[in-house]
């Protein structure tokens, strides 16, 4: 039994007390999620479209708001020690959670493929320019996909080990590159730019880069020893990870006058460290996409071991990358925002305000077949996100916060809170006899 616990990733049950973590290791995992090439690309956009001081300030404010949002979601995971999909089993009901898990798993599976294609395209460019090696993008997609799949197979503890040593290495190499850049190039004088971004829109971009990930934050914080550990790890991990990579990119790109961070590494004679940063940055962030996807599908395919499920899903998503799903980068961002963003707001409202379904969990009761108010909140949240999302996937009819995914999160939160209070007296409990002192295995 003890050996099984060491191997198991507890996809369908609460993480055992003796295996829960302190804040430090979870800090590195949260930090790793923000340390990726998407941050570098955003840094390039902000550097081109704003004055330097305004760009950096917008990054810090946006990252602060994002950290607060992720921490709020993470608290729910630290309380239940359940994955996001298992939390939704109580909040949405047994059948509602299966629908959510299918949509979440499929969306993150596609996003994993998009990020693998992103890695392969950039790796091809770096290897061609720095080492005159022409390796087919499809071959690099297979290599990258299989590499990123390995840690997801073994679950959170493998991701934790990867993050603990890779995050300091990535940030160290980025700081070295910044030092060498500023040693030979000075930052340009602050002059007005006919930029594309207002201060508010820049903050919106910083938040939108990871707001959907806030919904799946319980997949990490379910491993926390306490709420305090979850709060410290999530807040500082997300704030530092999301902001530092963007700021470092802005400074280097401004000084060198280019939009390509990999070309800066090559110019500085750091081609090999550049490849290392590219590989580790995508690996540490993208493996969590497949990890969360496999946790979602584990709730649907109850008789399949999570490890085998992860291998199957990893191969499928890698093949999607080979087939060119990377070209749908923006479309997938929009799909993720529309479908997943409201979920976080719904379970946060249920946990902090309504509390009904989490009392059911505390009292060791079975989840309801369907929680109607949560389904309604989800539909309304998706509708608002769709109406506020940019075309062509959205209608862009109006805007609430200027961030469509945040609109969905807040709508889900508000509707769930209101419906929860209005319909609370109509809910009825059905006590389940529990033969042991343990919580049920939720897969039943």
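What follows is calculated from the coordinates using simple rules that are stated; it is not laboratory data. Just so we're clear, the structure is a prediction, and the values are computed from it rather than from any experiment. A quick note on method: Cβ atoms are made from the backbone with ideal geometry, for glycine too, and the neighbour counts reach across all protein chains shown.
Quick one: Cα centre-to-centre distance for region 92-136 and region 193-222, in angstrom? Spelled out, the Cα-based centre of one part sits 19 Å from the other. Relative to the 2.2 N^0.38 Å rule of thumb, region 1-160 has a C-alpha radius of gyration ratio of 1.29. Sorting 287-293, 86-92, 347-353 by average packing, meaning the other beta carbons within 10 Å per residue, from highest down gives 86-92, 287-293, 347-353.
A Stokes-Einstein calculation at 20 °C with viscosity 1.002 mPa s, built on the Kirkwood radius of region 258-410 over Cα pairs, returns a diffusion coefficient of 113 µm²/s. Judged by the mean number of other Cβ atoms found within 10 Å, the most tightly packed of the peptides 336-345, 214-223, 387-396 leads the ranking 214-223, 336-345, 387-396. With neighbours defined as other Cβ atoms within 10 Å of a residue's Cβ, the residues 166, 39 order from fewest to most as 166, 39. For region 354-421, the convex hull spanned by the alpha carbon atoms encloses 89 Å³ per residue. From helices alone, the chain scores -24000 deg cm²/dmol at 222 nm; the rule is -39500 (n - 2.57) for each run of n ≥ 4 DSSP H residues, then divide by the residue total.
Exposure proxy for 18, 196, 254, 357: other Cβ atoms within 10 Å of each Cβ, ordered fewest to most, give 18, 196, 254, 357. Taking 227, 305, 360 as the candidate residues, the one with maximal mean-square fluctuation in a Gaussian network model of the chain, Cα springs under 10 Å, is 305. With Cα atoms defining each centre, region 36-50 and region 359-389 are spaced 35 Å apart in the structure. Relative to the dominant Cα principal axis of the chain, helix 271-298 is inclined by about 20°.
Largest GNM mean-square fluctuation among 124, 185, 132, using the chain with Cα springs under 10 Å: 132. Backbone N atoms of region 346-367 closer than 20 Å to the 7 Å Cα→Cβ label point of residue 95 belong to residues 357, 366-367. Against the main long axis of the alpha-carbon atoms of the chain, helix 52-80 sits at an angle near 20°. Among 285, 331, sorting on how many other beta-carbon atoms sit within 10 Å of each Cβ, with the fewest leading, yields 331, 285. Springs between Cα atoms under 10 Å define the GNM used for the chain, and in it the highest mean-square fluctuation of 74, 62, 381 occurs at 62.
Sorting the segments 156-165, 244-253 by their residues' average number of neighbouring beta-carbon atoms within 10 angstrom, most packed first, yields 244-253, 156-165. Over the C-alpha trace of the chain, radius of gyration and Dmax come out as 21.7, 72 angstrom. Length available on full extension from residue 312 to residue 129: 0.36 nm per residue minus the Cα-Cα distance, which gives 62.5 nm. Between residue 304 and residue 48, the modelled label-to-label distance comes to 4.1 nm, taking each label 7 Å out from Cα in the direction of the beta carbon. Residue separation of residue 228 and residue 323 scaled by 0.36 nm, minus their Cα-Cα distance, works out to 29.8 nm of gained length.
Once the chain from residue 423 to residue 164 is taken as fully extended at 0.36 nm per residue, the excess over their C-alpha distance is 88.7 nm. On C-alpha positions alone, give me the angle between the axis of helix 199-208 and the longest principal axis of the chain, in degrees, nearest 10. Its long axis makes an angle of about 60 degrees.
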